[in-house]
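Structure first, then comments.
Derivation of every value follows stated rules applied to the coordinates shown; laboratory data play no part. All values reported here derive from a predicted model rather than from experimental measurement. All Cβ positions, even for glycine, are placed from backbone atoms using ideal geometry, and neighbour counts span all protein chains on display.
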Amino acid sequence: KITDVSLPSGTQKEKNVELSSDLFQSVTSIKALLSEQTASDTTKKLSDDIYTYAYIKKYFNSYGKTEQIENPQQNVKQNSNQNVKQNKNQIENTAIDYEIEYIIGGQKSDKANLQYVVNRILMIRFGLNFIYAVSDAELNSQALALAAALVGMTGLPPVIEGVKYTILGAISFAEALLDVKNLLAGSKVPVLKNSTNWSLSITGASALMNQNISNNRTGLSYEEYLILLLTLQTLKNKMYLRMQDIMQMNIRLEQPEFLIEKCRFGFQMESQIQTKTPFLQRICSFKNQRIFS
């Protein structure tokens, strides 16, 4: 848990968004997350902050790195002993375990930040899975058959069709849960699903939910989904302030009086240019001022 009250991010008030754990009651939240930015905005901000994302991924801890150290045999990634040793050295002597999750969530404990991140990955996977589910002929056929069995006695096609889409939503949510389970275990999950990498069927979903972790090598890893969540942040100053929070907390483990605000500096530069015009025989002055911090 975070107990430091003098964090850089504390200088700016933040609005914490609470999301319902029932995603079927959070359609507006899903829509807001997936359409928070246009593709062009996301591309521009990705290019602006791409070096920051690389820095965060390399130097800050996350659930994936921590689990790799604590359970190296259970992790499905084939990591070398050298990488494990490097990550172990990096994780030791830090104020919190899940630093990248904190940069995204800004909550006061590792558990709360992990929950914050997992809920958002779950929402993203649910939306992307639903896009595939409604386009897959086999899943639509299964959902329609089940819907007809449930409400076919009404004889109303709109009712049957509505129940069909509810069933497709349910199977997409179940697939998203399985995706997150695989991500947290170290496997990769494709961004867009197809018939070869879709796991669940409507008739056998409950049995497959207990299946072993997949060893998928294609798609995005958990850490790459974290970077995706970073790109979706609209207020980038939060990201930089929370990075400073972590730096300050870690340094204060050995230097309790350290404050990162005392490390900030700036300078001001003024320039003035005078020139004589060739036609009017007068001197013109140009002044310029710049402030850097």
Neighbourhood charge, 9 Å Cβ-Cβ cut-off, centred on E223 and excluding it, Lys, Arg +1 and Asp, Glu -1
+1
Want the number for T203 to V159: 0.36 nm per residue separation, take away the alpha-carbon distance, what's left?
13.8 nm
Using amide H atoms built in the peptide plane, which far-off residues or other-chain residues are under 5 Å from V191 H to H?
L220
Beyond 17 Å, what share of the Cα-Cα pairs of the range 113-240 is found? Please give it as a whole percent.
61 percent
What is the spin-label model distance, in nm, from Y240 to S109 if the labels are put 7 Å beyond Cα along the C-beta direction?
3.2 nm
Bins of 10 Å, starting at 0 and running to the largest distance - Cα pair percent for the range 234-293:
17, 24, 20, 14, 12, 10, 3
Can you compute the modelled spin-label distance between L177 and V151, with each label point 7 Å from Cα toward Cβ, in nm?
2.2 nm
Using a cut-off of 15 Å between beta-carbons, work out the net charge of the residues near F258 (Lys and Arg +1, Asp and Glu -1, F258 not included).
-2
Among 52-59, 125-132, 188-195, the order from most to least packed when residues are scored by Cβ within 10 Å on average:
125-132, 188-195, 52-59
For a quick protection proxy, order the peptides 217-223, 287-293 by their average other-Cβ count within 10 Å, most packed first.
217-223, 287-293
Protection-proxy order for peptides 274-283, 138-147, each taking the mean of Cβ atoms within 10 Å per residue, highest first:
138-147, 274-283
Mind giving me the nanometre distance, one decimal, between the label points for T52 and T3, set 7 Å out from Cα along Cα→Cβ?
3.1 nm
All other residues with a Cβ under 11 Å from the Cβ of A147 taken together, and with Lys, Arg as +1 and Asp, Glu as -1, what is their net charge?
0
